[in-house]
Structures are given as structure tokens and as C-alpha cells.
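The values are calculated or read from the model by the stated rules, or taken from the named source; none is laboratory data. Quick caveat: nothing in here was measured; it's all calculated off a predicted structure. Note that each Cβ is placed from the backbone with ideal geometry, even for glycine, and that neighbours are counted across all protein chains shown. The protein model used for the area step is the full one, side chains on, heavy atoms only, and it has no ligands, DNA or RNA in it. Shrake-Rupley method; radii C 1.70, N 1.55, O 1.52, S 1.80 Å.
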Amino acid sequence: MPHLSRSLLFFLLLIPAPKPAPDFSRPALSGPPVHLAQLRGSVILLNFWATWCGPCEEEMPRFVQWQQAYSSQGLRVLGVSMDDDDTPVRALAPKMHWNYPILMGDARLGRLYGGVLGLPVTYLIDRRGRIRARLEGATDLPALEARIKTLLAEPSAR
Amino acid sequence: MASHSLPRLAAVLLGAAICCLPAAPAAHAQSGTALKLDSAIQIEPLDLNTILHGSAAKPLILQVGSKVLFAESHIPGSEFFGPAAPPDALAQRVAKLPRNTAIVLYCGCCPWERCPNIAPAFQKLHALGFTNVKVLHISQNFGQDWAQKGYPVEPAH
């Protein structure tokens with residue numbers, strides 16, 4: 001039993017403590033501005049993307065589905081376009097049918113989130129505002145959905 | 001000793017499994033224009049880094065990808081050109097250069113096989129008669145294949 005406790009303690013020490021998600025406030029292409037800190041209590045899927053990024057475009061219909069399916073459980077999807085301007089983003093809107101806010105990103109926001117130097121980059125932020133995953137490149141969508149469900153099942157405060 | 005190392009190994013493996021979501025294989029990758037580029041005209045990041053640290057003349061390095069990503073981080077001394085530049089802008093930039101000028105093009109916006117920018121820029125320079133153009137082979141993206149490998153960037157992080 002003491003042996004088990006020691007192993008468990010060692011294991012717990014190996015898990016890095018989740019870091020708080022850097023706060024930001026941005027206008028949305030449509031709808032009210034988004035202030036991340038005000039979304040505390042929700043599970044956030046923060047997706048950095050761009051119109052010229054093929055894998056990004058393939059992922060977004062699933063994000064639309066998840067926003068629809070899990071919004072009542074507290075999921076909030078945020079899309080951050082890293083396009084150079086919003087013209088191609090607005091042009092894509094009729095095709096994408098976004099049901100979540102689309103914000104325009106920039107180099108500053110990219111640096112704030114550890115360097116967004118290739119797309120897509122997706123963060124999962126838990127109800128306590130902590131980063132629980134950073135995914136680079138085309139994601140394993142079933143695995144991501146499972147991870148979202150796990151976070152949605154967690155209480156907002158412990 | 002052995003009884004301690006086994007739980008430690010198990011803990012490391014379990015921790016890694018929990019902390020990391022696996023990246024998906026590029027099962028849905030479409031053929032991108034970068035795939036058409038011959039390997040002979042590609043240069044690997046390690047080799048370009050060696051050139052940048054050497055005493056020989058440096059190539060002209062043009063970034064033909066996203067302006068936002070360039071502003072965030074780019075290869076020191078490189079120039080932003082971007083995919084949205086007017087069609088004749090690249091021709092104007094290189095108009096006065098000897099046709100044997102060493103030029104390296106890079107993008108790194110997306111995985112190599114999905115990059116929409118690098119091949120058109122190369123083909124444009126090739127059509128203009130440039131004979132010493134290389135494209136930087138960025139397998140995944142600029143972050144993973146350049147910045148995170150410790151190669152120089154500016155602004156410095």
C-alpha cells in the first residue's frame with residue numbers, strides 16, 4: 001500500500017499543472033465582442049484557422065455540429081481567423097454556416113498563445129479557464145470530441 | 001531498483017497518454033501543389049540553418065505565406081511577399097537581380113502536401129529564368145519545423 005501511494009504521488013508529480021488560458025477581448029465578425037474571461041464556466045474550443053488552410057476548412061463543419069450538440073452542456077466554440085484581413089473570411093461565411101463567434105487574430109494573439117506558426121491550432125480550455133490541450137495540425141476529431149465530453153462532465157469548481 | 005523503475009515507467013507512459021491527444025494521420029490530405037516540386041529544388045531546414053550561420057553569401061529569402069504568421073515570427077533577413085501580392089510584384093522585386101541569384105522561398109502555413117503557396121511562387125521565378133531557386137521543405141509548419149527546432153527567428157521569442 002505505501003508502495004502504491006509512492007507510485008501515485010510520483011505519477012501526480014509528472015502531470016504538469018494546467019496553465020490559465022491567456023485572456024483576450026476581440027470584436028466578432030458578427031454579434032457582440034468576445035471576452036474570454038467572461039466565458040469562465042464554459043468549456044472553450046478555441047480554434048485558430050485561416051481561409052487558405054485546407055485542414056481548417058475540413059474541421060469547421062464538425063465544430064458547428066458540436067456547438068449545436070453540446071451548447072446546452074456548456075461548450076463554447078470560438079474561431080480565430082489568422083487571415084491577413086477579414087475579406088476572405090466574410091466571403092466564406094455563407095458556406096460555413098458558423099453558429100459560433102469568428103474573431104480576427106493577429107501576431108500578438110498568436111504569440112500570446114505560444115506561437116501560432118502553422119494552422120490549424122486548437123486549444124481546449126476547461127470550465128476553470130485552464131488550458132487542457134493544444135493540438136497542432138489536422139486533429140483526430142473523434143478523439144477531440146471524446147476529450148470535450150470529458151471536460152463537459154467536469155464540475156466548474158472543485 | 002527494478003521494483004521502482006517499473007511503476008516509474010508506467011507512470012511516464014500513462015502520463016504521456018493522458019496529457020497528449022494523438023495527432024491524426026493525414027488521411028484526408030488532398031494533393032497540394034507543393035507535391036509537384038522536385039526534391040532536387042528543395043532545401044531542408046537544417047541545411048538552410050547551416051547556410052545562415054556560415055560565412056558564405058546568404059540567399060535572398062522570401063516568405064510567400066501569411067502576413068500574420070510572418071509578423072509573428074520569420075527567418076531573420078527574410079522578406080514578406082505573401083500569396084496575395086499582385087501578380088507582377090514578384091517579378092518587380094527580382095527584376096534587377098542576376099538570373100543566377102540564390103533565392104530561397106518558404107511558406108510553412110500548412111503541411112507540405114497542403115501548401116497552396118510555395119509551388120506557384122517557384123514556378124513564377126522559374127518562368128522568369130531564375131536558375132538557383134530553392135524551396136524550403138517544411139514538413140508540417142513553420143512553428144514545428146523551424147521555430148521549435150531552435151533555428152533563428154525574428155522577432156526573437
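General remarks:
- For A:GLY79, the conditions (1) within 14 Å of the chain's Cα centre (by Cα); (2) closer than 23 Å to B:GLY65 by Cβ; (3) surrounded by fewer than 16 Cβ atoms within 10 Å (Cβ to Cβ) all hold with the exception of (3).
- Odd one out for A:LYS95, checked against (1) more than 18 Å from B:GLY65 (Cβ to Cβ); (2) under 16 Å from the mean Cα position of the chain (by Cα); (3) of a type in the set (Lys, Arg); (4) not in a strand (DSSP E or B): (2)
- Qualifying residue in the range B:122-138 (condition: part of a helix (DSSP H, G or I) and in contact (Cβ under 8 Å) with a residue 40 or more places away in the chain): yes
- Residues of the range A:56-100 that turn out to be among the β-branched types (Val, Ile, Thr), within 25 Å of A:LEU112 (Cα to Cα) and touching a residue at least 12 places away in the same chain (Cβ under 8 Å), as a count: 3
- For the range A:103-135, the set of residues classified as part of a strand (DSSP E or B) and in contact with a Phe, Trp or Tyr (Cβ under 9 Å, 6 or more places away or on another chain) consists of A:LEU103, A:VAL121, A:THR122, A:TYR123, A:ILE131, A:ARG132, A:ALA133, A:ARG134, A:LEU135, listed by residue number.
- Enumeration of residues in the range B:121-146 that are open to solvent by 60 Å² or more (accessible area, probe 1.4 Å) and under 17 Å from B:SER66 (Cα atoms): B:GLN140
- Restricting the range B:51-103 to residues that are surrounded by fewer than 17 Cβ atoms within 10 Å (Cβ to Cβ) and within 12 Å of chain A (Cβ to nearest Cβ) leaves a set whose member that is nearest to B:LYS134 (Cα to Cα) is B:PHE80.
- Meets criteria (within 14 Å of the chain's Cα centre (by Cα), over 25 Å from A:PHE48 (Cβ atoms) and either touching a residue at least 60 places away in the same chain (Cβ under 8 Å) or more than 9 Å from chain A (Cβ to nearest Cβ) (or both)) for B:LYS149: no
- Among the residues of the range A:116-143, those identified as buried (at least 19 other Cβ atoms within 10 Å of the Cβ) and without any contact (Cβ under 8 Å) to a residue 24 or more places away in the chain are A:LEU117, A:GLY118, A:ALA133, A:LEU135, A:GLU136.
- Count of the range A:92-123 residues which are farther than 13 Å from A:ASN47 by Cβ and either more than 14 Å from chain B (Cβ to nearest Cβ) or acidic (Asp, Glu) (or both): 7
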